[in-house]
Amino acid sequence: MGSIVVDVMLKPEILDPQGQAVGGALPRLGFDGFTDVRQGKRFVLTVDGDVTDEHLTAAREAAETLLSNPVIEDVVSVRVLDGSEEGAEDGAEDGADGKGESEDGEQ
Amino acid sequence: MRIGVVTFPGSLDDRDAARAVRECGGEAVALWHGDADLKGVDAVILPGGFSYGDYLRCGAIARFAPVMDALVPAAKGGLPVLGICNGFQVLTESHLLPGALIRNDHRKFNCVDQRLVVENASTAWTSDFEAGQEITIVLKNGEGGYVADERTLDELEGEGRVVFRYVTDAEGRNPNGSYRDIAGITNERGNVVGLMPHPEHAVEAGYGPSLDGRGFFTSIITQTLESAANA
């Protein structure tokens, strides 16, 4: 069973009131070092068996048609979720520890 | 004069829209999101509410409902369509109207009596108004900020396709951060109109801030009766 990750972000020039609200709450918890927060969406599309090129092509198409609105959003990435990352994400669900690791290597 | 009102899962104002149609002398026809059938209506209203819980993006999932498979080509062919609030969001997601609606810049849900200027009184839904006329109807939304790129905004303004503009407050602000104070727009042909405020809540004495909403429904009814008489 494989999975494809689709990341969608609001275009940089579009106002992100949700990100602003989160950004406004951070200093209240003592996180003073962040100058801006932008909030996006992550979709995990799961398939039977391994992810094929056809799956990826379909995922890209779905990302452009339904998962994002090209007027206000960019599809940042469409990629196969690899096994080690999956493990890391499971770990993150059990406790907060693995979290930073699973997010490494993004961008 | 039969005006269809579409009900999606999560539509709220479908009954009010149907009532407004009847109050203004038309026949309201209930259309169901799951039917790819417009029942031969003369015009369609996409009502306000929270179709599919506003999940993903407002209007994004409703856009792919079976009824939209029938509505989109019909609208492109000239069928008059009015999208109110969530209905406007569905129209932008369907690309029947340009731009998009995003969360209000102040992040609060609005519920106010809102003054608007009618800028285009030649669309299918605004012909009973005068250009420049000011009307007051209800505005109630959390994601009513109209956005589009500069080129699209210039095009809309240049072609007279901004149908309604918000009257701004003392500080020059509109109620949701909409670019260029745009409250409603139309397509090139003038048959598809979308706006965030709610005309269907201003059609009966004793309810709502005015009777200004009646003009939307009388416009379409008058036009359809006239075109039927000339046919």
* When only residues in the stretch A:3-45 that are in contact with a Gly (Cβ under 7 Å, 6 or more places away or on another chain) and more than 14 Å from every other protein chain (Cβ to nearest Cβ) count, which is surrounded by the fewest Cβ atoms within 10 Å (Cβ to Cβ)? -> A:Asp36
* Regarding B:Leu71, is this residue within 14 Å of chain A (Cβ to nearest Cβ), in contact (Cβ under 8 Å) with a residue 24 or more places away in the chain and either surrounded by 24 or more Cβ atoms within 10 Å (Cβ to Cβ) or among the aromatic types (Phe, Trp, Tyr) (or both)? -> no
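So that you can scan it fast, the table gives a plain yes or no per residue for (1) surrounded by 20 or more Cβ atoms within 10 Å (Cβ to Cβ); (2) touching a helix residue (DSSP H, G or I) at 6+ places or on another chain (Cβ under 6 Å); (3) within 13 Å of chain A (Cβ to nearest Cβ); (4) among the polar types (S, T, N, Q):
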residue: B:His106; (1), (2), (3), (4): no, no, yes, no
residue: B:Phe109; (1), (2), (3), (4): no, no, yes, no
residue: B:Gln114; (1), (2), (3), (4): yes, no, no, yes
residue: B:Ala121; (1), (2), (3), (4): no, no, no, no
residue: B:Gly132; (1), (2), (3), (4): no, no, no, no
* Asked: Among (1) part of a helix (DSSP H, G or I); (2) modelled with pLDDT of 95 or more; (3) of a type outside the set (Phe, Trp, Tyr); (4) under 30 Å from B:Asn176 (Cβ atoms), where does A:Glu61 come up short?
  -> (4)
* Asked: Taking the stretch A:66-86 only, how many residues are more than 21 Å from A:Pro17 (Cβ to Cβ), more than 9 Å from chain B (Cβ to nearest Cβ) and free of Cβ contacts under 8 Å to residues at least 60 places away in the same chain?
  -> 4
* Asked: Out of (1) within 14 Å of chain A (Cβ to nearest Cβ); (2) at positive phi, what's the single condition that is false for B:Asp181?
  -> (1)
* Return a yes/no flag: does the stretch B:146-163 have any residue that is over 15 Å from B:Val118 (Cβ atoms), free of Cβ contacts under 8 Å to residues at least 60 places away in the same chain, of a type in the set (Phe, Trp, Tyr) and not in a loop (DSSP other than H, G, I, E, B). => yes
* To do: Return the only residue of B:Phe50, B:Phe64 being within 14 Å of chain A (Cβ to nearest Cβ) and either touching an Asp or Glu at 6+ places or on another chain (Cβ under 6 Å) or open to solvent by 50 Å² or more (accessible area, probe 1.4 Å) (or both).
  => B:Phe64
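The values are calculated or read from the model by the stated rules, or taken from the named source; none is laboratory data. Remember, it's a predicted structure, so these values are computed and weren't measured experimentally. When we count neighbours, we look across all protein chains shown, and the Cβ atoms used for this are built from the backbone with ideal geometry, even at glycine. Note: accessible area is taken over every heavy atom of the protein model, side chains too, but ligands, DNA and RNA are not part of it. Shrake-Rupley method; radii C 1.70, N 1.55, O 1.52, S 1.80 Å.
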